[in-house]
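The structure appears right after this line, and notes come after that.
The values are calculated or read from the model by the stated rules, or taken from the named source; none is laboratory data. Given the structure is predicted, the values throughout are model-derived calculations rather than measurements. In this analysis, Cβ positions are derived from the backbone assuming ideal geometry, glycine residues included, and neighbour counts consider all displayed protein chains.
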Amino acid sequence: MKAVLSMGWQLICFRAGPSALPYQPRLILPLVIINLVVSFLIQQLADSGMDRPVLQLSVMALAAEAAWLWLLLRRRDWSNRWVQSYTGLVLIDTMITVLAAPVALLLAAGQSLIGLVFVLQIVMTLWSLTARAFVYQESLEVPRWQGVLLALAPLFAVMVLTLMLFPDLLPSPAATQGK
């Protein structure tokens, strides 16, 4: 497990692709649990005062990524690549989440750093998207631009589901008119 976790850094720095990960299906569940615990702990540390469904959103994102990758690989009859590719995607998400923890803590610190926080969030999001695109590119043997488009699909699916299932996360029209 320790060796697999250390590969996360290699993935987000584009030094290794998902094929460099060991084929170990039994590690997927522990990696997903680690990812969920890390997400939950960071949200608790940030203590933004907002009651956000962090675990539900994280589970939705991981499930959407798993299903989308499985469908793409199944279509090419490359299902045997799913374990390593999905392991890579979970590792990327976990590593980026850990690296983004200071951003969440800055956000909790107050409004004075809000501009810096937004810039850092954009950087982390683009880094995550690029690393995910790299996994799709390597796993499906497609050009980089297609990897980016494929990595965007589960992101948009989760956004739509979030808006449908958790409309209270959006600011109310009355709250935005007062600003």
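Listed values, structure above:
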| quantity | calculated |
| --- | --- |
| Residue among Val148, Val142 that is modelled with pLDDT of 90 or more, outside any helix (DSSP H, G or I) and surrounded by 12 or more Cβ atoms within 10 Å (Cβ to Cβ) | Val142 |
| Index of the failed condition, Thr125 passing every other in (1) assigned to a helix (DSSP H, G or I); (2) within 30 Å of Gln24 (Cβ to Cβ); (3) in contact with a helix residue (DSSP H, G or I) (Cβ under 8 Å, 6 or more places away or on another chain) | (3) |
| Of the criteria (1) over 23 Å from Ile33 (Cβ atoms); (2) modelled with pLDDT of 90 or more; (3) surrounded by 13 or more Cβ atoms within 10 Å (Cβ to Cβ); (4) hydrophobic (A, V, I, L, M, F, W, C), which one Leu126 fails | (3) |
| Contacts under 9 angstrom Cβ, first residue in the stretch 158-179 being within 22 Å of Ala67 (Cβ to Cβ), partner among the acidic types (Asp, Glu) and at pLDDT 85 or above, 6 or more apart | Val158/Glu65 |
| Flag if Val37 is touching a Pro at 6+ places or on another chain (Cβ under 8 Å) and surrounded by 13 or more Cβ atoms within 10 Å (Cβ to Cβ) | no |
| The stretch 47-74: number of residues that are modelled with pLDDT of 95 or more, surrounded by fewer than 18 Cβ atoms within 10 Å (Cβ to Cβ) and over 12 Å from the mean Cα position of the chain (by Cα) | 4 |
| Given (1) closer than 25 Å to Lys2 by Cα; (2) surrounded by 12 or more Cβ atoms within 10 Å (Cβ to Cβ), index of the condition Asn80 fails | (2) |
| Residue, surrounded by the fewest Cβ atoms within 10 Å (Cβ to Cβ), within the stretch 83-114, restricted to residues that are closer than 21 Å to Met7 by Cβ and not aliphatic (A, V, I, L, M) | Thr97 |
| Any pair with Cβ under 6 angstrom, 6 or more apart, that starts in the stretch 7-32 at a residue that is under 14 Å from Ser139 (Cα atoms) and ends at one that is small (Gly, Ala, Ser) | Leu11/Gly88; Pro18/Ser85; Pro18/Gly88; Pro18/Ser139; Leu21/Gly88 |
| Members of the stretch 121-135 that are more than 18 Å from Ala153 (Cβ to Cβ) and of a type in the set (A, V, I, L, M) | Ile122, Val123, Met124 |
| Test for Ile33: is it over 21 Å from Leu129 (Cβ atoms) and either more than 18 Å from the chain's Cα centre (by Cα) or among the β-branched types (Val, Ile, Thr) (or both) | yes |
